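For reference, the structure is listed below as structure tokens.
The values are calculated or read from the model by the stated rules, or taken from the named source; none is laboratory data. Fair warning: this is a prediction, and the values are worked out from it, not measured in the lab. Heads up, the Cβs are rebuilt from the backbone with ideal geometry, glycines too, and the neighbour counts pull from every protein chain shown.
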Amino acid sequence: MDTNELLKEATAFEAQTKEQLDAFKSRFLGKKGVLADLFANMRNITPENRKEYGQQVNAIKIAAEEKVSFFTNIFENPDSSTGSDTDLTLPGNWIPSGSVHPVTAVRNEILEIFSRIGFKIAEGPEIENDWHNFSALNFPPEHPARDMQDTFFMSNDEAFALRTHTSSVQVRIMESNKPPIRITAPGRVYRNEAISARAHCLFHQVEGLYIDKDVSFADLKQTLLHFAREMFGAESKIRLRPSYFPFTEPSAEMDVSCNICSGAGCNVCKHTGWLEIMGCGMVDPQVLKNCGIDPEEYSGYAFGMGIERIAMLKYSIKDLRLFFENDVKFLRQFGTH
């Protein structure tokens, strides 16, 4: 049976009498009707065509049920349509579709860039224990590095906290998987910071991790250069400045050439021609040990960036708070997708 022809028939049906409606209902919706045969035929459809076939059959069913409901109401309540000025064939009121939030759009773009070079997506809980959020990442108790991140603890004993970074996902993946490991870890993170144009108590991160034999800092640099050019344009340049993170050694901050002034210097980049976008480095051997990976056999790199930070640079937005205020006028600037 041709599903396209059946859909046209169901859509075009008009009943002048109740008998015609009953015949239509029996033909399409009866136990031995057209739809029963179509659903029974589902097992004969090849797997690659089954989804499209099922959608066509459901469209026929919906059209038939709407016709039956519409004409049943007319025949049972004849006065409801008598003298009505309503033209039921007129189109309905237009309802505008929503937009993809800029943070979501940038998150998806970041993940897509890394997925094309072999990174898989990994996720973890937002409420984390001390081991995965701190200790496994070289933040031992009383270590000064813990002060780098103001934490929302869930209890007085500080056993659980809202995660301060998605590095906790990296720990979970390394504990439960053997190398090679190549993942990105997107998610929402929390820090007890004053809300301002450049900071918020919650924001979104994407972190990356690559563990394998003979992974070098040169691999990290080329990966991040590829990302910068895919995200900000083929002419983008990067620079790596020495930094400190407890879980990587050596560590670096990565800057990208300002995409607004093309590196010439402007107010956004404070006339330096560079914009800081992420931290990165080689995974500390102790972190590998903590997660059950032999640092004598494997090495790796890690990086992490704030999605809001990337979105601010990409769309030239100067106030971080705009992402969280649900201002429709602001969100409409990013169009529909």
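When region 182-198 is examined, which residues are found to be β-branched (Val, Ile, Thr) and surrounded by 20 or more Cβ atoms within 10 Å (Cβ to Cβ)? Show your work before the answer.
Step one: filter region 182-198 for residues β-branched (Val, Ile, Thr), giving 183-184, 189, 195.
Listed by number, the residues that qualify are ILE183, THR184, VAL189.
If you scan region 199-224, which residues turn out to be farther than 29 Å from LEU320 by Cα and either under 24 Å from the mean Cα position of the chain (by Cα) or buried (at least 16 other Cβ atoms within 10 Å of the Cβ) (or both)?
TYR210, ILE211, VAL215, ASP219
Among the residues of region 225-239, how many are in contact (Cβ under 8 Å) with a residue 12 or more places away in the chain, more than 18 Å from GLY281 (Cα to Cα) and within 23 Å of the chain's Cα centre (by Cα)?
The total comes to 4.
Would you tally the residues in region 106-121 being closer than 17 Å to GLY233 by Cα and aromatic (Phe, Trp, Tyr)?
1
Among the polar types (S, T, N, Q) and surrounded by 14 or more Cβ atoms within 10 Å (Cβ to Cβ): is that true of SER99 in this structure? Quick ask: steps written out before the conclusion?
Working: among the polar types (S, T, N, Q): yes; surrounded by 14 or more Cβ atoms within 10 Å (Cβ to Cβ): yes.
It is true that SER99 is among the polar types (S, T, N, Q) and surrounded by 14 or more Cβ atoms within 10 Å (Cβ to Cβ).
As an exercise: evaluate ASP157 against (1) at pLDDT below 95; (2) within 20 Å of PRO246 (Cα to Cα); (3) of a type in the set (D, E, K, R) and give the number of the one condition it does not meet.
Exception for ASP157: condition (2).
Could you list, in sequence order, all residues of region 277-303 that are charged (D, E, K, R), in contact (Cβ under 8 Å) with a residue 24 or more places away in the chain and over 14 Å from ILE181 (Cα atoms)? Explain how you work it out, then say what you get.
The initial filter retains those residues of region 277-303 that are charged (D, E, K, R), namely 284, 289, 294, 296-297.
Then keep just the ones that are in contact (Cβ under 8 Å) with a residue 24 or more places away in the chain; that gives 284, 297.
Scanning region 277-303 gives a single hit, ASP284.
Across region 9-34, what is the total count of residues that are over 20 Å from GLU76 (Cβ atoms) and of a type in the set (Phe, Trp, Tyr)?
Number satisfying all stated conditions: 0.
Could you list, in sequence order, all residues of region 30-44 that are loosely packed, with under 15 Cβ neighbours inside 10 Å and either closer than 16 Å to GLU5 by Cα or not polar (S, T, N, Q) (or both)? Outline the logic, then answer.
Here is the first cut: in region 30-44, the residues loosely packed, with under 15 Cβ neighbours inside 10 Å are 30-32, 36-37, 39-44.
Result: GLY30, LYS31, LYS32, ALA36, ASP37, PHE39, ALA40, MET42, ARG43.
I'm checking my understanding of the structure. Among residues of region 232-280 that are of a type in the set (A, V, I, L, M) and closer than 30 Å to ASN290 by Cα, which one is surrounded by the fewest Cβ atoms within 10 Å (Cβ to Cβ)?
Residues of region 232-280 of a type in the set (A, V, I, L, M): 234, 238, 240, 252, 254, 256, 260, 264, 268, 275, 277-278.
Imposing the further condition that a residue be closer than 30 Å to ASN290 by Cα reduces the set to 240, 252, 254, 277-278.
Numbers: LEU240: 18, ALA252: 23, MET254: 25, ILE277: 22, MET278: 23.
Ranking the candidates gives LEU240 first.
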